[in-house]
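Asks: Got a structure here, written out as structure tokens. Questions coming.
The values are calculated or read from the model by the stated rules, or taken from the named source; none is laboratory data. Since the model is a prediction, treat every value here as computed from it, not as a measurement. All Cβ positions, even for glycine, are placed from backbone atoms using ideal geometry, and neighbour counts span all protein chains on display.
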Amino acid sequence: MEIPAGGLKRSMNLSIASGAAGTLWLIVCAPQAIFNVFMRNNLGATSAQLGLLVGMLSFASIMQLPAILIYRRLPRRKAFWIITSVIHRLNGPVLAAVAYRVSQGGSKEHGITVIMVAMVASWIITNLSSSGWWSWMADLVPIRVRARFFGRRSAVAQVVNIVAFFTTTVVLDAAVGDNRFVVYAVVFLTGGLGGIVDILLHIFMPEPTPSAPPAEASTTAAFLAPLSDRNFLRFSLTTGLVLFSINVSAPFFAPYITDPDGIGAPNTWLGIMFVISQMTWIAVSSGWGTVMDRFGRKPVVMIGLLFTVSWIGYLIVSPTNYVVVLPIIAMLGGVLAPAFWDGINQLMLNLTKEEQRLTSIAWYWTIIGTVSAGGSLMGGVLDDFFATRRLSLGFVTIEGFHGVVMISLILVGISLLVLSRVDEGPTKPVSYVFSRVATPGIFRTFMNIGVLARTESPERVVRTLRAIDSASDDLAAEQVIERIHDPDPDVREEAIRALGRLRSHEAIETLIVLLRDPTATSRAEAARALGRIGSEQAIPHLVDAMNGASDELRQACAAAIGEIGGGMSIAFLSELLRDESSERVAASGASTLSLHGAFEAAWEIVPRLHSTQNPVLRTQLAIALANLLGRPGEFYRYVTGSEEQQQSRQRRLTMEAVRASRTVLGTALSADLARTVAAGDTQQAMQTLRDEAEAALARLFLPGRTGGTIDREHLMQVIYNAKPRLGLWYWFLNRTIELDTNSSEPLSTRLELLVALYFLRAGTTSGA
């Protein structure tokens, strides 16, 4: 059954509302901070007892297995899940009854027993049905928006979480003596009612038809099928190991913070930490969802697991500094924790096969529950052990709760290494994702995504697109691609330019379609963007687009082909340079070839440099030639800027070239050359430079030669074989003079002379 768009949106909104109501139950009736403090610091349970309870609740996940058989025999998941979940949420009134009974003088030890029995029974019941909810939601919410939906759901739930949690801690601190147990009773009762409302809201949500036919899935082979998926099994075991490592210490943080024998902070400080971490969670959870949708779940989960690094703070926190250390712990955890906790479930849904989803989810919760069950028990035993003992390991002495934290962190590190071996499919490497999110620009990126995703004025969209230029902006590629077809021409062009700056490979196909569309007005921009992206896939399309195109498009395509690079590009541009009739297009091709160090481009650049009447193209070609003879881009400054600046730089260039000539040629140039250059007689200066350089080069490369006329072709070949760049320069001198001599209307050789002098100045560092 396909859910209509309107019905889907309504169902997602109801799910968000139910999540907010369920939060009231989760923060007080589940083994979280408030419940754990109640058990250990108020009822007097030992850490081992608390750890045992948490472990048994985890181990109750084994009931996920009979849940598979139950669901496969039910035509729908909805009714069974609602009934069992309502019964589960009734553990809230049980906790309230225990707290009230203790306030009236009842036995705390008896209360601990009742709670442990009721909690375990409650968790057994919910594990019989919880896989049905995950399967239901996976069928209901499309995968393309699933991570963002759960991110929004989490963010709304956290708002309620913050208010309820902080209010509860403040009220608990205000209570005195046995009145605190009365407050706990009210808190547990309120949480239980919120949990029931959460479940009842699901009555109004539709249930799509399950992915797999019940008859097929009821076989033993189908029941065991998820275990034959090695990657899914590895992921489930790894997740169990991760949770085992976390549970060694996590259940005991809140009791340690509020215990007078520990940090001794008021309960309100649990609320303060919660407010800080959850406000941070709200701010970043939607962003993490976007990162998951763009780059994959696994790298985000691995980055998110680093939230445990904040636990190092528990090794230094004390009764005198907790007001500083605890907020830092909360802030760091709030930034990274949603990436792990939201991401791990999304990764699980991604790794389950659609036809086995319900069965796979049940096996997943069973495996992680049974594997992680011993973590909290181990942590509780260790906490009781270190409370009265010290353990010396070499130069390190472990005592108190610090020992529990250190062991937990070591186990988390091992778990992270194991997690890296899980295969999600095509995702970005962790290092790539980390480089995108661990920058200050990430906040601006999410703001840009918000602007591009909404309908805004064209002017604001254009400003936003122009601001997209950092690595983290790769997250906005999807929204930028959508703007390529915007009705506003400025928006379209800026979107194409932004994709080029992002080097977005996702946009290649879209840009190629745009390039090949003869009616499109942004074909040249599309060509430039493809060049910046640098995929060889675009080269044939760029070549085809040049046929019969305008000079602007041909020039853009030629530049793009050269920017992409590679043997195919160089071969095409070399042919283009020989046959191209348009000087602008040829100059663009020459510039690009020169950046790739293709010396053969000089054979075409020099004649065009001599023949063109366009001063701008002459300068462009001179820069291209200088790129071959020196460092690409360095010559640019000698032919740009004000006239006064150019003259000053060119005079300095001449002096530096004369000084450097001894290093390049083995002999210093004469003072006559400098005087000729200063007098402005560029043709004579070029002749003098060639003659003096020729004599010096003959002495260097033809040492056995005595007198007579120099065979320039032979000398040129010898030099080129030994030092290609120097040989190219010597060829250039001769070719320029030859062209100038044979020309009926010789052009000024000022640019050629500057290029020749630049080579001498750059020759000491260019390998000449």
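Asks: Taking the stretch 173-182, which residues are within 18 Å of R101 (Cβ to Cβ) and touching a residue at least 60 places away in the same chain (Cβ under 8 Å)?
Replies: As a first pass, look at the stretch 173-182 and keep what is within 18 Å of R101 (Cβ to Cβ): 175, 177-182.
Result: D178, N179, R180, F181, V182.
Asks: From the residues in the stretch 560-616 that are on the phi < 0 side of the Ramachandran plot and assigned to a loop (DSSP other than H, G, I, E, B), which one is modelled with the lowest pLDDT?
Replies: Of the stretch 560-616, the ones on the phi < 0 side of the Ramachandran plot are 560-564, 567-596, 598-616.
Imposing the further condition that a residue be assigned to a loop (DSSP other than H, G, I, E, B) reduces the set to 580-582, 596, 598, 612-614.
On the way: E580: 61, S581: 64, S582: 66, H596: 64, A598: 68, T612: 79, Q613: 79, N614: 81.
Result: E580.
Asks: Looking at the stretch 529-559 only, could you name the residues that are under 25 Å from the mean Cα position of the chain (by Cα) and either of a type in the set (S, T, Y) or part of a helix (DSSP H, G or I) (or both)?
Replies: Within the stretch 529-559, the subset under 25 Å from the mean Cα position of the chain (by Cα) is 529-537.
Within the stretch 529-559, A529, L530, G531, R532, I533, S535, E536, Q537 meet the criteria.
Asks: While we're here: I need the helices (runs of 4 or more DSSP H) fully contained in the stretch 106-202, keeping only those with at least 1 residues that are touching a Cys at 6+ places or on another chain (Cβ under 7 Å), farther than 24 Å from W365 by Cα and modelled with pLDDT of 80 or more.
Replies: Numbers: elements: 108-127, 130-140, 143-174, 179-201.
Filter on the stretch 106-202 gives 179-201.
Asks: Looking at the stretch 415-429, I want the residues that are in the same structural domain as M348 (by TED's automatic domain parsing) and have a partner that is not in a helix (DSSP H, G or I) with Cβ atoms under 7 Å, at least 6 apart or on another chain. Which pairs are those?
Replies: Here the result reads E424/G296; T427/G296; K428/G296, each pair linking the stretch 415-429 to a residue that is not in a helix (DSSP H, G or I).
Asks: Which number in (1) over 30 Å from H505 (Cβ atoms); (2) assigned to a helix (DSSP H, G or I); (3) in contact (Cβ under 8 Å) with a residue 40 or more places away in the chain; (4) among the polar types (S, T, N, Q) marks the one condition that S318 misses?
Replies: Result: S318 fails condition (2) only.
Asks: Can you tell which of L233, L305, L315, L241 is in contact with a His (Cβ under 6 Å, 6 or more places away or on another chain) and either in the same structural domain as Q346 (by TED's automatic domain parsing) or of a type in the set (A, V, I, L, M, F, W, C) (or both)?
Replies: Working: L233 fails: in contact with a His (Cβ under 6 Å, 6 or more places away or on another chain); L305 fails: in contact with a His (Cβ under 6 Å, 6 or more places away or on another chain); L241 fails: in contact with a His (Cβ under 6 Å, 6 or more places away or on another chain).
Going through L233, L305, L315, L241 in turn, the sole match is L315.
Asks: In addition: Go over the candidates G379, G375, G400, G394 one by one and state the one that is modelled with pLDDT under 85, closer than 30 Å to P260 by Cβ and in the same structural domain as V301 (by TED's automatic domain parsing). Working first, answer last.
Replies: Details: G379 fails: modelled with pLDDT under 85; G375 fails: modelled with pLDDT under 85; G394 fails: closer than 30 Å to P260 by Cβ.
The unique qualifying residue is G400.
Every residue, every condition in (1) β-branched (V, I, T); (2) more than 30 Å from I282 (Cα to Cα); (3) not assigned by TED's automatic domain parsing to the domain that holds S85, yes or no:
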site	(1), (2), (3)
G105	no, yes, no
I115	yes, yes, no
A118	no, yes, no
A121	no, yes, no
S129	no, no, no
W133	no, no, no
R148	no, no, no
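Asks: Could you grab me the full set of residues in the stretch 486-528 that are outside any helix (DSSP H, G or I) and either closer than 14 Å to L553 by Cβ or not hydroxyl-bearing (S, T, Y) (or both)? Reasoning before the result, please.
Replies: Applying the first criterion (outside any helix (DSSP H, G or I)) to the stretch 486-528 yields 486-488, 503-504, 517-522.
Those that are outside any helix (DSSP H, G or I) and either closer than 14 Å to L553 by Cβ or not hydroxyl-bearing (S, T, Y) (or both): D486, P487, D488, R503, D517, P518, T519, A520, T521, S522.
Asks: Continuing with this model, one more query. If you take the residues of the stretch 740-762 that are of a type in the set (A, V, I, L, M, F, W, C) and either exposed (fewer than 15 other Cβ atoms within 10 Å of the Cβ) or modelled with pLDDT of 85 or more (or both), which of them is nearest to T676 (Cα to Cα)? It would help to see each step written out before you state the result.
Replies: Filtering the stretch 740-762 down to residues of a type in the set (A, V, I, L, M, F, W, C) leaves 747, 751, 753-757, 759-760, 762.
With either exposed (fewer than 15 other Cβ atoms within 10 Å of the Cβ) or modelled with pLDDT of 85 or more (or both) added as a condition, the list becomes 751, 753-757, 759-760.
Numbers: L751: 15, L753: 11, L754: 13, V755: 16, A756: 14, L757: 13, F759: 18, L760: 17 Å.
That would be L753.
Asks: Another question about this same structure. Could you run through the stretch 414-433 and say how many residues are of a type in the set (V, I, T) and over 19 Å from T308 (Cβ atoms)? Before you say what the answer is, go through the steps one by one.
Replies: The initial filter retains those residues of the stretch 414-433 that are of a type in the set (V, I, T), namely 414, 418, 422, 427, 430, 433.
Checking which are over 19 Å from T308 (Cβ atoms) leaves us with 427.
Adding up the residues that qualify gives 1.
Asks: Please give the number of the condition Q683 fails out of (1) assigned by TED's automatic domain parsing to the domain that holds R735; (2) without any contact (Cβ under 8 Å) to a residue 60 or more places away in the chain; (3) not aliphatic (A, V, I, L, M).
Replies: (2)
Asks: Quickly run through the stretch 636-646 and pick out the residues that are assigned to a helix (DSSP H, G or I) and out of contact with any Phe, Trp or Tyr (no Cβ under 9 Å at 6 or more places or on another chain).
Replies: Step one: filter the stretch 636-646 for residues assigned to a helix (DSSP H, G or I), giving 636-638, 643-646.
Scanning the stretch 636-646 gives Y636, R637, E643, E644, Q645.
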